[in-house]
Amino acid sequence: MIEFKSVSKKYSSAAFALHDVSLSVAKGELVYLAGPSGAGKSTLLKMIAAVERPTSGQVIVNGHDISKIKKSAVPFLRRNLGLVLQHQRLLNDRDILANVMLPLIVTGALTSNAEQRARAALDKVGLLERARANPMELSGGEQQRVAIARAIVNRPQIILADEPTANLDRVAADKVIEALRAFNSVGVTCMISTHDEQVLGSGARVIRLEAGALAGGAA
Ligand code: ADP
Ligand code: ADP
């Protein structure tokens, strides 16, 4: 479902953010992307979403070569991706239900239909009873779970979560991971980046990045 073939990425002047990375992730897998800050985790996830393009190599998502994809095709690619990116904010001028409905509304869904699906998504992350709360009333962990609900409400095949547990305490972090794992258990392919070794679930596959390269070769 996701394949990197000798992918390197260099931002303007700096050293390689990623160097010769080859990996593949199968449909339905849950994969942690581990490594210290600056290792290239965000860069790797951004390339899957065509937020960044590789400097060399190929990134293939669902059979499409992202390195060659036309700009006009990017929104179609993203429809299959749920993105939980860092520094992504909920909108504080509306309640969390409206925040989760938004991706459906912008793609033209009927309000009643969007509300039903948004409520189902909030239920899956354990926040249905807070549907009418404002994002500012929620804890950081709850806000992160709302962001996950918003990312999956379009029923993407893949969810990419960039440091979703950053700045959360252990209990809140566990709930965020649990929410992601719940979607994985119904078949959504998940990649979760973290610099926190304690987040890594037992049994799950871990891909390690160190200074832009895979620790231990191709994954
Ligand atoms: P991580 O997510 O593991 O912290 P990043 O992918 O954010 O790592 O960063 C990898 C490297 O690329 C770092 O050295 C970082 O400074 C650099 N980098 C990331 N984004 C940019 C950018 N937009 N412009 C220049 N350098 C960047
Ligand atoms: P930026 O890096 O430009 O601030 P974001 O990091 O918020 O933007 O998101 C990158 C891109 O991905 C944006 O163009 C946004 O519209 C899109 N995007 C974010 N979340 C989703 C989602 N859940 N489904 C589809 N597209 C999304």
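Within the range 144-158, can one find any residue that is surrounded by 22 or more Cβ atoms within 10 Å (Cβ to Cβ), outside the structural domain of Ala49 (by TED's automatic domain parsing) and polar (S, T, N, Q)? Yes, the range 144-158 contains at least one residue that is surrounded by 22 or more Cβ atoms within 10 Å (Cβ to Cβ), outside the structural domain of Ala49 (by TED's automatic domain parsing) and polar (S, T, N, Q). Ala118 passes every criterion in (1) in contact with a strand residue (DSSP E or B) (Cβ under 8 Å, 6 or more places away or on another chain); (2) at negative phi; (3) not hydroxyl-bearing (Ser, Thr, Tyr) apart from (1). Going by the conditions given, is Val106 under 27 Å from Asn62 (Cβ atoms), within 14 Å of ligand 2 (Cβ to nearest atom) and not assigned by TED's automatic domain parsing to the domain that holds Met47? Spelling it out, Val106 is indeed under 27 Å from Asn62 (Cβ atoms), within 14 Å of ligand 2 (Cβ to nearest atom) and not assigned by TED's automatic domain parsing to the domain that holds Met47. Taking the range 1-61 and the strands (runs of 3 or more DSSP E) fully enclosed by it, the elements with 1 or more residues that are away from ligand 2 (no atom under 16 Å from the Cβ), in the same structural domain as Glu178 (by TED's automatic domain parsing) and among the basic types (Lys, Arg) are at 2-10.
Quick check on my filter: what residues within the range 81-111 are part of a loop (DSSP other than H, G, I, E, B), hydrophobic (A, V, I, L, M, F, W, C) and exposed (fewer than 14 other Cβ atoms within 10 Å of the Cβ)? Within the range 81-111, Leu91, Leu110 qualify.
Taken over the range 53-88, the criterion of being under 30 Å from Met136 (Cβ atoms) and free of Cβ contacts under 8 Å to residues at least 24 places away in the same chain is satisfied by Pro75, His87.
State whether the residues of the range 199-206 include one that is surrounded by 15 or more Cβ atoms within 10 Å (Cβ to Cβ) and in contact with a Ser or Thr (Cβ under 8 Å, 6 or more places away or on another chain). Looking for residues that are surrounded by 15 or more Cβ atoms within 10 Å (Cβ to Cβ) and in contact with a Ser or Thr (Cβ under 8 Å, 6 or more places away or on another chain), one finds at least one in the range 199-206, hence yes. Summed over the range 119-132, the residues that are in contact (Cβ under 8 Å) with a residue 24 or more places away in the chain and either over 12 Å from Val100 (Cβ atoms) or of a type outside the set (A, V, I, L, M, F, W, C) (or both) give a count of 4.
For the range 62-75, filtering for residues that are within 15 Å of ligand 2 (Cβ to nearest atom) and either under 23 Å from Ser22 (Cβ atoms) or not assigned by TED's automatic domain parsing to the domain that holds Leu44 (or both) leaves 3. Once the range 121-160 is narrowed to residues that are touching a strand residue (DSSP E or B) at 6+ places or on another chain (Cβ under 9 Å) and of a type in the set (A, V, I, L, M, F, W, C), the residue that is nearest to ligand 1 (Cβ to nearest atom) is Leu160.
The values are calculated or read from the model by the stated rules, or taken from the named source; none is laboratory data. What you see is a predicted model, and the numbers here were worked out from it, not measured in a lab. As a convention, Cβ positions derive from the backbone with ideal geometry for all residues, glycine included, and neighbour counts pool all protein chains shown.
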